[in-house]
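Have a look at the structure below before the remarks.
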Amino acid sequence: MRKVQRPNDLPKDVLLTCISNYQDEDLISRMESAAPLIVAASDLFEEKVISKTLHTLEPHDHEGVSGIVSTKEMKNIYNDKFAKKGQPGRDIYDRILNAPKLNKCPICGHRVVSTLDHHLPKAKFPALSITPVNLIPSCYDCNNTKKTAIPFSAEEETLHPYFDDVEGDLWLKAEILEGKPIVFKFYVTQPDNWDELKYKRARNHLKIFELGKLFSINAAEEYSMRELTLKRIYTKSGSEGLKIQLKDYAESAEAVHLNSWQSAMFRALEGSNWYLDKYFETEVSSSKI
Ligand SMILES: [Zn+2]
């Protein structure tokens with residue numbers, strides 16, 4: 001999970017921008033009446049996400065925004081006036097969408113951003129449909145994997161790229177399943193300065209977004225592209241030379257992102273005595289005969 005600068009657009013401004021080209025006077029009037037409630041819901045959301053108590057928020061889809069604006073109308077304002085190209089809210093949508101560096105999805109840190117994910121789904125929390133801090137730039141898969149899941153406990157809250165900063169601590173690791181082809185299994189480890197809740201949330205983040213599978217598949221491919229190079233180093237310089245090279249790869253990856261799957265993969269290889277001593281041993285010794 002990668003940190004992203006939070007959007008500073010105010011919920012009321014977003015709402016007024018979105019309704020600026022509505023023709024239906026009754027709808028405009030009701031949206032304006034609902035504005036203070038939407039602002040209050042947004043403020044409460046932010047307070048709860050910071051205090052890790054989002055699970056205490058009750059879904060309000062049955063009443064829309066206090067019965068003034070329906071859930072369907074809130075979904076429509078997001079789809080037709082905020083996310084749709086050429087509509088008044090689209091500039092704000094684009095600004096949020098384009099915030100992550102290199103256009104990488106902050107949730108998985110791997111795929112490309114293509115949409116905005118509602119941290120709390122608009123189907124269950126319609127008042128938060130166009131709340132900027134509830135909208136996270138996301139790849140299609142992360143958005144689609146979570147769907148409309150909501151947390152029922154603090155542990156179930158996935159990490160939030162605007163409010164959680166986990167980039168400075170080492171928490172993503174991989175273990176090697178010994179065999180050929182080599183398999184990497186990713187898991188979350190608890191840094192000393194993390195409490196149990198943060199650890200459980202990070203673990204849940206990996207689980208909900210199915211990141212272990214994504215990382216394993218990509219690590220297997222990345223490793224296979226490096227194997228010939230690594231085998232040559234082992235042949236020339238043995239286990240020690242291999243370890244030095246892998247440490248170098250790990251440090252290079254860590255200099256960019258400490259908890260990328262690449263960093264975890266190289267750390268796992270460098271730390272595996274089985275890999276360093278045994279993996280190439282048979283092939284290299286038999287080719288010398
Ligand atoms: Zn993603």
Test: residue in the stretch 232-250 that is touching a Pro at 6+ places or on another chain (Cβ under 8 Å) and not β-branched (Val, Ile, Thr): no
Whichever residue in the stretch 181-206 is surrounded by fewer than 15 Cβ atoms within 10 Å (Cβ to Cβ) and part of a strand (DSSP E or B) and, among such residues, is farthest from the chain's Cα centre (by Cα): 185
Test result for residue 132, assigned by TED's automatic domain parsing to the domain that holds residue 16 and either within 15 Å of the ligand (Cβ to nearest atom) or modelled with pLDDT under 95 (or both): no
All strands (runs of 3 or more DSSP E) inside the stretch 64-180 with 3 or more residues being more than 30 Å from residue 278 (Cβ to Cβ): 115-118, 135-138
Number of the exception - residue 123 against (1) among the aliphatic types (A, V, I, L, M); (2) crowded, with 18+ Cβ neighbours inside 10 Å; (3) away from the ligand (no atom under 15 Å from the Cβ): (2)
Residue match in the stretch 137-147 (condition: within 16 Å of the ligand (Cβ to nearest atom), at positive phi, of a type in the set (Lys, Arg) and in contact with a Pro (Cβ under 9 Å, 6 or more places away or on another chain)): yes
Which listed residue is touching a Lys or Arg at 6+ places or on another chain (Cβ under 9 Å), over 23 Å from residue 94 (Cα atoms) and assigned by TED's automatic domain parsing to the domain that holds residue 94, from 150, 208: 150
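The values are calculated or read from the model by the stated rules, or taken from the named source; none is laboratory data. Please read these numbers as outputs of a predicted model, since none were measured by experiment. For neighbour counting, all protein chains shown are included, and Cβ atoms are generated from backbone atoms with ideal geometry for every residue, glycine included.
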